[in-house]
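The values are calculated or read from the model by the stated rules, or taken from the named source; none is laboratory data. This structure is a prediction, so every number in the text was calculated from the model and none was measured. Backbone-built Cβ (ideal geometry, glycine too); neighbour counts: all protein chains shown.
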Amino acid sequence: MKTLLIATHNRNKIREYAEILAPLGYEVKSPADYGITEEAEENGKDYRENAYAKAKFIADRLKMPVIADDSGIEIKALGEHFPGIHSARWAKTISPSGDYRVVNQHVLELLKGAKDRSAEYHCCIVLLRHPDDTPLYYEGVSKGHILEEIKGSHGFGYDPIFHYDAGNLDFGMCSDEEKNRVSHRGKATRELLAFLSAPHLV
């Protein structure tokens, strides 16, 4: 079985990647599996720069193939591309303990009376086969809107307040399989899988 390291300490992301990559014969590892608890500084100006910083940070230390992603939700009524690349950090300012039910309720309060509730999830995945290799990027977007109330407890992060328009799905209520078919991360990962499935690989 081939090993692919995911440069994240987010257990939900690790689980999603493990489910998606297992059929291709990849065992997913995290930095914690190698005793690394530090995280890269995310000071990029966009998803690509932050994803690369995470991958490079780990690849330099372990000298093995690494993938990393940077993702976020952009809620039009809160400002252009906001919270975007700051989604997780902004959530921490609302709930330092990381309770997204508190965060999501706060978003709903901010959007009370808003006519435009449109929102987009963005994801950029980067693959670094070697620390000094040219990074390969795979991106996905899911367009929808913010619900009027929290619905369900599936998924993670902002999922319980996000409705995916094209598929008429509430991310907080659909199964992992349903979400992975249409989510920003699912779309980006399928592009990655097309590369990983090719015979030249890692």
Exercise for the section: Would you please list the contacts, defined by Cβ atoms under 6 Å and residues six or more apart or on different chains, that run from a residue in region 134-149 that is free of Cβ contacts under 8 Å to residues at least 40 places away in the same chain to a residue that is basic (Lys, Arg)? Expected result: His145/Arg117
Problem - Single unsatisfied condition, Gly155 versus (1) modelled with pLDDT of 95 or more; (2) buried (at least 17 other Cβ atoms within 10 Å of the Cβ) - result: (1)
Exercise for the section: Please go through region 93-110 and pick out each residue that is among the β-branched types (Val, Ile, Thr) and surrounded by 13 or more Cβ atoms within 10 Å (Cβ to Cβ). Expected result: Ile94, Val102, Val103, Val107
Handout entry: Cβ pairs under 7 Å, 6+ apart, first in region 6-27 and at negative phi, second surrounded by 13 or more Cβ atoms within 10 Å (Cβ to Cβ) and assigned to a loop (DSSP other than H, G, I, E, B)
Key = Ile6/Ser30; Thr8/Ser30; His9/Ser30; His9/Glu39; Asn12/Phe156; Ile14/Thr8; Ile14/Ser30
Exercise for the section: Determine if region 111-130 includes at least one residue that is of a type in the set (S, T, N, Q), in contact with a strand residue (DSSP E or B) (Cβ under 9 Å, 6 or more places away or on another chain) and either in contact (Cβ under 8 Å) with a residue 24 or more places away in the chain or surrounded by 14 or more Cβ atoms within 10 Å (Cβ to Cβ) (or both). Expected result: yes
Practice task
May I ask you to verify whether Ile85 is under 15 Å from the mean Cα position of the chain (by Cα), under 22 Å from Glu16 (Cβ atoms), crowded, with 21+ Cβ neighbours inside 10 Å and at pLDDT 95 or above?
Solution key: yes
